[in-house]
1. Taking the conditions exactly as written (modelled with pLDDT under 95 and within 26 Å of B:Ser186 (Cα to Cα)), does A:Leu176 satisfy them or not?
2. Taking region B:116-130 only, how many residues are in a loop (DSSP other than H, G, I, E, B), over 18 Å from B:Leu277 (Cα atoms) and in contact (Cβ under 8 Å) with a residue 40 or more places away in the chain?
3. Within region B:192-232, work out how many residues are assigned to a loop (DSSP other than H, G, I, E, B) and either small (Gly, Ala, Ser) or within 13 Å of the chain's Cα centre (by Cα) (or both).
4. Can you pull out every residue in region A:166-178 that is surrounded by fewer than 24 Cβ atoms within 10 Å (Cβ to Cβ) and within 14 Å of chain B (Cβ to nearest Cβ)?
5. Out of all the residues in region B:243-256, is one or more touching a Lys or Arg at 6+ places or on another chain (Cβ under 8 Å), within 9 Å of chain A (Cβ to nearest Cβ) and not in a loop (DSSP other than H, G, I, E, B)?
6. Answer yes or no: is there a residue in region A:236-250 that is surrounded by fewer than 20 Cβ atoms within 10 Å (Cβ to Cβ), within 17 Å of the chain's Cα centre (by Cα) and more than 13 Å from chain B (Cβ to nearest Cβ).
7. In region A:133-144, what count of residues is obtained for those that are within 11 Å of chain B (Cβ to nearest Cβ) and under 24 Å from A:Glu244 (Cβ atoms)?
8. If you scan region A:195-209, which residues turn out to be farther than 18 Å from A:Lys164 by Cα and polar (S, T, N, Q)?
Amino acid sequence: MKSNNLTAWDRVNLARDSSRPTALDYINNIFDFFIELHGDRCFKDDKSIVCGLASINGKNFTVVAEQKGRNTKENIERNFGMPNPEAYRKSLRFMKQAEKFKRPIITFIDTKGAYPGIGAEERGQGEAIAKNLMEMSSLKTPIIAIVIGEGSSGGALAIGVGDKILMLENSIYSVLSPEGYASILWKDSSKAKEAAEVMKLTADDLYSFGIIDEVLKEPKGGANANVKEMSNTIKQKILEYADELSKLDIDELLNKRYEKYRKM
Amino acid sequence: MVIDKIKKRENSDEDENIQRGDIPIGKWVKCDKCKEIIYKETLHQNYSVCPNCGNHFRLSSRRRVKQIIDEGTFCEFELKLPDSNPLKLDEYTKKLEVLREKTGIDEAVKCGTGKINGEDVVICVMDSNFFMGSMGKVVGEKITYSVEKAIELKLPLIIFCVSGGARMQEGMISLMQMAKTSAAISKLNDAGLLYISVLTDPTYGGVTASFAMLGDIILAEPNSMIGFAGPRVIKQTIGQDLPEGFQTAEFLQEQGFVDKVVHRSEMKDTLYQLLLLHK
């Protein structure tokens, strides 16, 4: 699985690079059709997570995707890809619908973490994440989660409990940012680079831990060098795994999902 | 003379590390909130609540079990779980050893079965003295095992939460404990069993964002600090001071995330009444 000689810190930087494709870049390339649907029917439409319905060759999917902006204006609109509780509640609303209509769920993970703000706490950030974890563990439809950039903390996991967890080669997935890790453990956030090396946050590391199911190879020069090629790789994997998972009966699917996390 | 001893202790370097726990200074402790010097025995007889200002001192899991579970009925699950050290950090192994030596407990949660006024329950009690109650693989495993045991024994589950969140030293493995424990709670729901979560000071991060917030009934001790992101992180992010009373148990009840704030002296009875209502 080891691809090349990039350090963990190199990958942190690649995962965060502003030129890296965002969820919508992939969604537009992967699916023949995509319609975005808005709102949590409770508080608002949080644009840091995009939800909608999509299809490939007549096969339908529910899509839940953390969306970073590609420039400052977009980033402000998207809250830099940091969801508030309503984003998770919107996600859950669409995931429950996917269960009702027996559509597989595809999630794209790309966030620095759940937003740490006053409003987020007032509206129950912890409760929103917890509920997603619990509900996703038993949703009666296949779930495929794909880490495309930065997957950080509970904010990533909140849309990441699935039957298959895939990571792009240069994406990262961690319990918190390397800066946060260095700051908490070594009281020095400037040691982020060293932290990245010990945290085991690369796709290869997490594959070797058995936390993820597959590392998706990126095109030469990284995902941003060829979005179409990267999208195609993801598309093939979505089709492959959706097909594999849809052959399982629901009890088997849920048992396997439970066991997957049970042994971690 | 005793006071002198306390003063001496206050000036020592160690003081920085002592938070709101039982401060082991001979027979006396100082209330962190009203600064009253309290005779330890008086404090313990008063549920470790300051008789002067009502401040709830942090409780060890041992003392908590004693307060909640009928005497002689607590039966701890005997799980011999190996330490998890996925990042292979030497300092982590050492710290675990030091903490075990210092606290006399093996991990940040104590789990078992017991009776509350005669009613059988499965109970998990987290302990802030051990790694600030943080959740790594062993804590996640013990909680999950307890949930599964509750299902097997068809018993109600009570979890006393106190935690700084996921245990960073275990990296992604600790994050995954959130998914594991939440999945187990989902099974408990399928089995139609009662789960009461009790939030105590402090409950944060990955524990808040998993089993702590998934109780059918969520109780909290007065003035406990409860949240997802810590106050320091929020302050840094928004660059302004936080409102008075933000993230307290009372605040969470007001916002609709805690069912009831319950004084420690009434906790056992409240739990008992709730158990009876689910028989």
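1. So A:Leu176 fits the description; yes.
2. Final tally of qualifying residues: 3.
3. 10
4. Within region A:166-178, A:Ser177 is the sole residue that qualifies.
5. Scanning region B:243-256, I find at least one residue that is touching a Lys or Arg at 6+ places or on another chain (Cβ under 8 Å), within 9 Å of chain A (Cβ to nearest Cβ) and not in a loop (DSSP other than H, G, I, E, B), so the answer is yes.
6. Yes: region A:236-250 contains one or more residues that are surrounded by fewer than 20 Cβ atoms within 10 Å (Cβ to Cβ), within 17 Å of the chain's Cα centre (by Cα) and more than 13 Å from chain B (Cβ to nearest Cβ).
7. Count: 6.
8. Selection gives nothing.
The values are calculated or read from the model by the stated rules, or taken from the named source; none is laboratory data. No experiment lies behind these values; they were computed from the predicted model shown. Glycine gets a Cβ as well: all are built from the backbone with ideal geometry, and neighbour counts include every protein chain shown.
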